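Contents: one structure, followed by commentary.
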Amino acid sequence: MSVCVPAEAEEYHSKDFEWETLKQQIEDDPSLQHHLLPFHSLHQHEEEEEEEPEKDSDAWKKFHSRHSSGKFFKERRYLLKEFPELVSCGESSKLLEVGCGNGSTALPILRGNVNINVYACDCSSEILERAKEFVGAVDVASLKERFHPFHCDFCTSGFPEWLACDSCRESCPQKQHDCFSVSDVKEIDRLNLMSLSRESSCCIGRVDFITLIFTLSAVPLQKMPTAIKECYSVLMPSGLLFFRDYGLYDMTMLRFNPEQRVGFREYMRSDGTRSYFFSIDAVRNLFLGAGFIEVELEYCCVKSVNRRKGKSMERVWVHGKFRKPF
């Protein structure tokens with residue numbers, strides 16, 4: 001469920017303005033006070049919780065269907081600068097991209113490092129087909145061989161057994177054994193995961209890296225802790241998770257009307273897709289609560305200009321890097 005987000009500037013760590021200054025401006029503006037108020041429909045929100053994951057997945061599937069041409073996204077080349085480990089990692093490194101969309105994150109990573117294998121999942125089968133087309137359009141055979149897309153809604157069903165079996169999730173990488181079901185074997189054959197036989201008879205043995213790029217904000221708030229723990233379980237000890245998502249008081253948050261609030265700092269667009277806006281503390285609590293160690297965590301504050309309208313836009317994103325303890 002890769003979220004719709006325009007192509008950002010390459011200078012990701014730019015500090016065009018101070019987040020605390022923006023925060024004060026928002027708090028002093030009477031017209032924006034509805035963004036600061038507590039959310040009072042908590043009981044109703046809890047009653048709808050059981051149905052929300054399916055509704056959210058359906059909304060994103062419809063979104064991807066409307067924007068399946070790929071023109072809506074642009075390759076996120078800046079990720080190689082912001083997360084240099086993706087470039088310097090060793091041979092046969094494994095990356096899990098959660099919410100891959102049309103491949104705008106996977107493609108620059110595959111281009112930038114011939115040693116990395118990308119396992120990319122999304123809740124939309126249609127957008128996965130687009131991702132395969134975009135990657136396949138690159139006339140580099142080795143690149144296509146290292147791209148393994150698969151259908152998965154990680155916040156509802158979790159990741160498949162072939163990615164990391166129960167034994168591997170609960171123990172050290174050496175303790176692996178045959179544990180595939182017939183459906184798992186068929187899935188592995190379909191993905192043509194040739195590295196499996198070289199690494200383990202059980203599964204691919206977890207991954208070295210995970211990217212959550214504008215994906216977690218699309219997950220219902222109540223499901224976020226479980227979703228992050230699921231990521232933790234398929235990551236190798238000392239592995240890294242790279243995070244980037246909407247930050248608190250981003251311009252897009254301030255555009256939402258009061259009736260579009262579905263939770264505290266959580267909003268629903270007219271097409272049924274949702275978005276949560278993260279504070280540094282919220283991100284820290286979520287990932288440390290799942291067992292991760294914080295490596296990097298900060299706001300990225302960029303002022304961009306809409307040349308057509310001549311308007312200045314203050315964008316806020318959260319950049320994070322977390323490590324799983326060894």
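The values are calculated or read from the model by the stated rules, or taken from the named source; none is laboratory data. For clarity, every value in this text was computed on a predicted model and none was experimentally measured. Here Cβ is always computed from backbone atoms with ideal geometry, including for glycine, and neighbour counts include all displayed protein chains. Note: accessible area is taken over every heavy atom of the protein model, side chains too, but ligands, DNA and RNA are not part of it. Shrake-Rupley method; radii C 1.70, N 1.55, O 1.52, S 1.80 Å.
What to note about this one:
- In the range 92-112, the residues that are over 15 Å from LEU163 (Cβ atoms) and free of Cβ contacts under 8 Å to residues at least 40 places away in the same chain form Cβ pairs under 8 Å with partners that are open to solvent by 10 Å² or more (accessible area, probe 1.4 Å) and among the acidic types (Asp, Glu), at six or more places apart or across chains, as follows: LEU107/GLU75; PRO108/GLU75.
- Of everything listed in (1) modelled with pLDDT of 60 or more; (2) charged (D, E, K, R); (3) more than 14 Å from LEU248 (Cα to Cα); (4) surrounded by 13 or more Cβ atoms within 10 Å (Cβ to Cβ), the single unmet condition for GLU52 is (1).
- For the range 121-157, a residue qualifies if it is in a loop (DSSP other than H, G, I, E, B) and either of a type in the set (A, V, I, L, M, F, W, C) or open to solvent by less than 10 Å² (accessible area, probe 1.4 Å) (or both), and the qualifying residues are CYS123, SER124, ALA137, VAL138, VAL140, CYS152, PHE154, CYS155.
- Here is the figure for the range 247-264: residues that are in a strand (DSSP E or B), within 26 Å of SER157 (Cα to Cα) and either in contact with a strand residue (DSSP E or B) (Cβ under 6 Å, 6 or more places away or on another chain) or hydrophobic (A, V, I, L, M, F, W, C) (or both) total 1.
- Whichever residue in the range 210-246 is under 23 Å from GLY272 (Cβ atoms) and in a strand (DSSP E or B) and, among such residues, is farthest from the chain's Cα centre (by Cα): TYR246
- The set of residues in the range 267-314 being modelled with pLDDT of 95 or more and of a type in the set (Lys, Arg) consists of ARG284 alone.
- Residues (modelled with pLDDT under 90 and either open to solvent by 10 Å² or more (accessible area, probe 1.4 Å) or under 15 Å from LYS132 (Cα atoms) (or both)) located in the range 77-90: ARG77, GLY90
- Of all the residues in the range 16-35, those that are open to solvent by less than 50 Å² (accessible area, probe 1.4 Å) and either part of a helix (DSSP H, G or I) or modelled with pLDDT of 95 or more (or both) number 6.
- Some residue of the range 104-122 being within 21 Å of ASP245 (Cα to Cα), touching a helix residue (DSSP H, G or I) at 6+ places or on another chain (Cβ under 7 Å) and at pLDDT below 90: no
- Positions within the range 265-291 being in a loop (DSSP other than H, G, I, E, B), without any contact (Cβ under 8 Å) to a residue 60 or more places away in the chain and more than 15 Å from LEU248 (Cα to Cα), in sequence order: ARG269, SER270
- Within the range 284-303, the set of residues being open to solvent by 40 Å² or more (accessible area, probe 1.4 Å) and of a type outside the set (Val, Ile, Thr) comprises ARG284, ASN285, LEU288, GLY289, GLU294, GLU296, GLU298, LYS303.
- Cβ-Cβ under 8 Å pairs, at least 6 apart or on other chains, the range 220-243 side polar (S, T, N, Q), far side part of a strand (DSSP E or B) and surrounded by fewer than 19 Cβ atoms within 10 Å (Cβ to Cβ): SER238/ARG323
- Within the range 240-268, being out of contact with any helix residue (DSSP H, G or I) (no Cβ under 7 Å at 6 or more places or on another chain) and open to solvent by 40 Å² or more (accessible area, probe 1.4 Å) holds for ARG255, ASN257, GLU259, GLN260, PHE264, ARG265.
- Residue match in the range 99-111 (condition: open to solvent by 50 Å² or more (accessible area, probe 1.4 Å) and under 16 Å from the mean Cα position of the chain (by Cα)): no
- Residues in the range 304-326 that are among the aliphatic types (A, V, I, L, M), buried (at least 21 other Cβ atoms within 10 Å of the Cβ) and either more than 16 Å from ILE213 (Cβ to Cβ) or in contact with a Lys or Arg (Cβ under 9 Å, 6 or more places away or on another chain) (or both): VAL318 alone.
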